[in-house]
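Q: Here it is: the structure, laid out below.
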Amino acid sequence: MRLSLNLVWESITKWCLYLAIFLTPLFFLPWTLYGVNLNKQTLLTALVLLALIAWLIKGISKGEFVCARNSANVLVGLLIFFTAFSVWFSGARTLGFMGVNGGEVDTFITILTFGLLYILLTSLLTEEREFNWVFKLLSWSSLILIVYSLLQLFGIWLLPFSFTKDFAFNPVGTTNALAIVMGFVFLITLSAFYLSAKEFSGLFKTVLVILAILSFLGVLLIAYWPVFVGLIVGMLILVMADLRYRGAEASRGMLLPVAVIAVSLFMILSSFGLITFRLPGFSLPAEITPSAKASWAIGRSSIADGVKNFILGSGPATYQYQYGLYRDPALNQSLFWNVRFSQGFNALLTHFVNWGAVGAIIFLLLLLSLVWSAFRVILKHRTSGYVTSLAIGLLYLILLLFFYPQNYLVYFLIFTVSGLLVAVQTAAKDNYRRMSLVATPQRTFFLSLGAMLLIMVATSFLYLNLQRYWGAVSFAKGVEQINAGGDIEKALPSLLSGRDLDSRNDFYLRIIADAFLIRANNLISAPGGQPPADLQVQFSGNVGAAIQSAQRATQVNSRNSLNWLSLARVYENLVALVPGSADAAFAAYAEAGKLEPNNPVIPANLGRAHLAGAEAAPAAEKGKHYKMAIESLDRAINLKPDYSPAHFILVQVFDRQGK
């Protein structure tokens, strides 16, 4: 009976992992504001935590835990613990713990999920048929993903959701990220077919050929040049592997890799305008990121700002705050002056800011360890061709981290493929660490207690993950009701329900503050009909709720300038009605200005608030407010000479002064 229970728990663990590998690339739903990444994160986190719980229960029941021995495992564990410390000292713990939109790959819950996925794969997959099965799952999932994404590019909408009726929409995220994933799929399918077509059935051979053709077509249509750099490197490694495996016989089949290299070189030269002829493609929306130089400058400024930032970084998912703090004022003259970049030029420069020098070094050491594992598979192990193809795909994905910002699915693929490769090597050498729970009574007690604690922690995280998601669904319903008809009264219950389920989400708190402020303003502008006393009570209640929600946002995340701007906006709207509001608005704008000293919007808004304060102030104090307004507006104009709102408000100030 115990043996059968152990098999049940092991099956649950493996099937959770299989479902994660198959569904994560495809998964998105229309029920939240962030249809792609938040749904992927929620699904993957839930399945990995369920797999962990089942694995722990199986270990307790069996009286033994089995884990792979590998240097990368240690680095993965170190990265998880480092991220926890970085979150704790970040000043934005909620953001660093779970993120907001689900796409932040360096948050604690995401790194924990990826790390556990990697560790479970390396420890549980031990047989050739399991490796083969996972490769096929990934291939079938990729086929669905690529077919759907190509249909989207051609304007063929298969789904009725409004947000999917956009040719640039896909389940990966941006179109460039889609090109990266397509390049990965092309590499692994072409390499698998090239190296070991005989290992697969006729149907699956056909699938591989179709996948290779469709994925390469997608790469050509999107024409993101770093992908072609990756393909060239991948093809060279494939040729090297084939020469090592087959020797002189390999030269007969080099036409295809050479053709891919030639086409890739052509596309790179075309992207830089060195060749005038271009293949037909699509007019896709441009993806804008800070330059490498600007990203490096922000990284240097960030880690130089104290020992904490050097060791632990600014904190997971906080790049946008450091960008606002250290960005070059010259950017105010560009078209993207008011964009809050949440990532740097590439993934590694973003980690450099968020994790600091120490965290970036840990991550780089992990990548080096994974690169070493991939080359060991390619050069030292005569494994199945599809395993070698995964190693080539992993090297490609790691290379692209130097060219592109973070993407949830790309990181998922890196950790998944790494887990599979290490699992193959571990199984080949039987390099497992077995920890018996029954060797001694003391070990039985402490290991069982530790496992039970881990089960409780995993269950708590699972509950928080699902509660947060349900909150996102409720909040999105409220936002949809506002967008549909602007009816605050109908939307507010859903907004409040979402806030109650995710009470430390500062984005929710800002929106709710605005909603209560709109209700208060509606009461003032509404036709008469209610007794003045009732209106006063309702007005006071809505104003108090708006202030409370905006203040709560600044308490949850004091590093986000948008929270201080929200609080300032609430107080500014009350300057003429509530005594003391003007000073509170000035103070909130000042806090926002400390966080984004080179943003012209903040001093312009502060000038507007001083103008409102002058109109509500006694005659003797009006001059002081006008003076402060002019100083703030001059600062905004100095930061951005063509900022028209600042000029317009300045004209109003002069008009009030009679000039």
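Q: Explain nothing, just compute: Karplus ³J(HN,Hα) = 6.51 cos²θ - 1.76 cosθ + 1.60, θ = phi - 60°, for every residue of the stretch 586-597 in order, whole Hz, x for Gly and Pro.
A: Along the stretch 586-597, the couplings run 4, 5, 5, 5, 5, 5, 5, x, 5, 7, 9, x Hz.
Q: Among 499-511, 385-397, how do they line up by average Cβ neighbours within 10 Å per residue, starting with the highest?
A: Listed from highest to lowest mean packing, they are 385-397, 499-511.
Q: Find the all-direction average of the projected area of the Cα convex hull for the chain, expressing the result in square nanometres with one decimal place.
A: 36.0
Q: Separate question: Could you please state, rounded to a whole Å, how far the C-alpha centre of the stretch 403-479 is from the C-alpha centre of the stretch 536-585?
A: 41
Q: Next question. Mean residue ellipticity at 222 nm from the helices of the chain, using -39,500 (n - 2.57) per DSSP H segment of n ≥ 4 over the full residue count, to the nearest 500 deg cm²/dmol?
A: That calculation yields -24500 deg cm²/dmol at 222 nm.
Q: Give me the distance in nm between label points sitting 7 Å out from Cα along the Cα-to-Cβ direction at ALA428 and LEU379, one decimal.
A: Result for the modelled spin labels: 1.3 nm.
Q: Any chance you could run the full-extension gain for GLN657 through LEU335? It's 0.36 nm times the residue separation minus the Cα-Cα distance, nm to one decimal.
A: Additional length available on full extension: 112.5 nm.
Q: Which percent of the accessible area of the stretch 7-97 is formed by carbon and sulfur heavy atoms (probe 1.4 angstrom)?
A: Result for the stretch 7-97: 76 percent of the exposed heavy-atom area is carbon or sulfur.
Q: When ranked by the protection proxy of mean other Cβ atoms within 10 Å per residue, highest first, what sequence do the peptides 225-236, 320-331 form?
A: Output ranking for 225-236, 320-331: 225-236, 320-331.
Q: Could you work out how far apart the two model spin labels at VAL209 and PHE163 are, taking each label as a point 7 Å from the Cα in the direction of the beta carbon, and quote it in nm?
A: 3.9
Q: Give me the net charge for the shell around ASN70: Cβ to Cβ below 12 angstrom, other residues only, Lys and Arg +1, Asp and Glu -1.
A: My count for the surroundings of ASN70 gives +4.
Q: Let me check I've understood the local charge: for PRO405, count other residues with C-beta under 12 angstrom from its C-beta, Lys and Arg +1, Asp and Glu -1. What total comes out?
A: Every neighbour counted, the sum reads -3.
Q: Quick one: accessible surface of PHE475, probe radius 1.4 Å, all protein chains present, in square angstrom to the nearest 10.
A: So the heavy atoms of PHE475 present about 0 Å² to solvent.
Q: Under the rule of at least 5 residues apart or a separate chain, name every residue whose amide H is placed under 5 Å from the amide H of THR126.
A: Those qualifying (amide H under 5 Å, at least 5 residues apart or on another chain) number zero.
Q: Provide the convex hull volume over Cα atoms per residue for the stretch 1-60, in Å³.
A: Spread over its residues, the Cα hull of the stretch 1-60 gives 67 Å³ apiece.
Q: Separate question: Report the per residue volume, in Å³, of the convex hull enclosing the C-alpha atoms of the stretch 282-327.
A: Spread over its residues, the Cα hull of the stretch 282-327 gives 91 Å³ apiece.
Q: What lysines could a cross-link reach from LYS627, if we take a straight Cα to Cα line under 17 Å and drop same-chain neighbours fewer than 8 places away?
A: Of all the lysines, those that pass the test against LYS627 - Cα under 17 Å, at least 8 places apart if same chain - are LYS659.
Q: Another question, then. Hey, which lysines would be in cross-link range of LYS136, C-alpha to C-alpha under 27 Å, not counting anything within fewer than 8 residues on its own chain?
A: Correct list for LYS136: LYS14, LYS40, LYS58, LYS198, LYS205, LYS380, LYS429.
Q: Starting from the amide H of ALA68, placed 1.01 Å from N in the peptide plane, find each other amide H under 5 Å away whose residue is 5 or more places distant or on another chain.
A: Residues meeting the amide H criterion: SER123, ARG433.
Q: Moving to a separate point now. Quick one: net charge of PRO641's neighbours, Cβ under 15 Å, K/R +1, D/E -1?
A: 0
Q: Now for a separate question. Based on the inverse mean of 1/r over its pairs of different Cα atoms, what is the Kirkwood hydrodynamic radius of the stretch 32-131, in Å?
A: Evaluated on the stretch 32-131, it is 14.9 Å.
Q: May I pose another question? Taking the mean number of other Cβ atoms within 10 Å as a proxy for protection, how do you rank 577-586, 591-600 from highest to lowest?
A: Sorting 577-586, 591-600 by mean packing, highest first, produces 591-600, 577-586.
Q: Please give every one of the lysines within straight-line cross-link reach of LYS293, meaning a C-alpha to C-alpha distance under 29 Å, and leave out same-chain neighbours fewer than 8 residues apart.
A: Answer for LYS293, where 29 Å is the Cα cut-off: LYS308, LYS594, LYS640, listed by chain and number.
The values are calculated or read from the model by the stated rules, or taken from the named source; none is laboratory data. Just so it is clear, the structure is predicted and the values come from calculations on it, not from any experiment. We place every Cβ from the backbone using ideal geometry, glycine too, and count neighbours over all the protein chains shown. Only protein heavy atoms, including side chains, enter the accessible area calculation; ligands, DNA and RNA are left aside. Shrake-Rupley method; radii C 1.70, N 1.55, O 1.52, S 1.80 Å.
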